[in-house]
Ligand code: SF4
Ligand SMILES: [Zn+2]
């Protein structure tokens, strides 16, 4: 049997970067976006969480699926910029979910990269988020270091580090060009656990070279691998085109984003199998997926949101529209 990824053209880092479109460089003194949402602490227990998309330096890795470079700076993050952004983000009124007690600081890069987060800013950042019970940051598994433990010790609450596993398939992981293996991911989880830090995994729903059914299976396999590695939370992220490389593959018939029903199927199957960790489907780009319509789009997203919170499969949305259902065995 041909391994996944074997039939895909190889892209060097230079090729991935060469296929990118123009950036929209952000203002380093302002966060890119701030909003509040409910995070799932335990089945049925939601916690109001402030989400802060920080503006900063671009990630040095050239992952073939990633579009986070679009809103990053070409140079390093200027010292003082992140605390200034954070102060602005914390000054905003609470959303309908109530006063946020958790916070996500996502910088489209790696929190433990000194080019992205100047080390001299870490005490100020820690002081600004001291009142939060959980602080979630993101980084590459191979950049997990003792600096994260020191940052965790400076917090009032618990640190959680989100890392892109993307897939547990070794061939596709190599194709993505993330510069890590599944073993690197597992080792990073173990290192975080030893430091009393929680881990979260990002898992891609939709992979190049795979049809939708195989992408659903791959996402479930990656979810199981992440849980076995000890993550507290798996965030399922439908893979989106728009970064250049995936658009090229799409034009060659080698990549197609999964439809709405396939994304729902991954969440349903993960939750239906007692996953052993919190598993949620990221709804941020739900509107961009194919396979829903004006009649069913919002009710289906509401069901996903409810399942994310309840951590169990809920009854399908009754619908009269002709939008496809996944219909897998
Ligand atoms: S390590 Fe993360 S942020 Fe960096 S390119 Fe890969 S997916 Fe994007
Ligand atoms: Zn519909």
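Taken together, the values in this text are just the output of simple stated rules run on the coordinates, not laboratory data. Note that the structure is a prediction, hence the values are computed from the model and not measured. Here the Cβ is made from the backbone with ideal geometry for all residues, glycine too, and neighbour counts use every protein chain on show.
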- request: Report Rg (one decimal) and Dmax (nearest whole number) for the stretch 1-89, counting Cα atoms only, units Å.
  value: 17.9, 54
query: Give me the Kirkwood hydrodynamic radius of the chain in Å, from all C-alpha pairs, to one decimal place?
result: 20.3 Å
Sites residue 74 and residue 214, calculated FRET efficiency, Cβ-Cβ separation with R0 35 Å, nearest 0.05: 0.40
- prompt: In a Debye calculation with equal point scatterers on the alpha-carbon sites of the stretch 221-329 and no solvent, what is log10 I(q)/I(0) at q = 0.16 Å⁻¹?
  reply: -0.78
message: Can you give me the distance in nm between label points at residue 13 and residue 183, each placed 7 Å from the Cα along the Cα-to-Cβ direction?
response: 2.2 nm
query: Quick one: in the stretch 73-222, what % of C-alpha pairs are over 29 Å apart?
result: 25 percent
field: Stretch gain in nm, segment residue 35-residue 101, where the contour uses 0.36 nm per residue and the Cα spacing is subtracted
entry: 22.4 nm
Value of [θ]222 nm, deg cm²/dmol, for the chain, DSSP H segments ≥ 4, -39500 (n - 2.57) each, nearest 500: -9500 deg cm²/dmol
task: May I ask for the distance between the Cα centers of the stretch 124-165 and the stretch 14-88, given as a whole number of Å?
output: 15 Å
- prompt: In percent, how large is the relative contact order of the chain, given Cα pairs closer than 8 Å and 6 or more residues apart?
  reply: 16 percent
message: Could you check the spin-label model distance between residue 20 and residue 84? Points 7 Å from the Cα along Cα→Cβ, value in nm.
response: 2.3 nm
- request: Could you please rank 134, 300, placing first whichever residue has the fewest other Cβ atoms within 10 Å of its Cβ?
  value: 134, 300
message: Cut-off 10 angstrom, C-alpha nodes, Gaussian network model of the chain. Which of 252, 221, 290 fluctuates the most?
response: 252
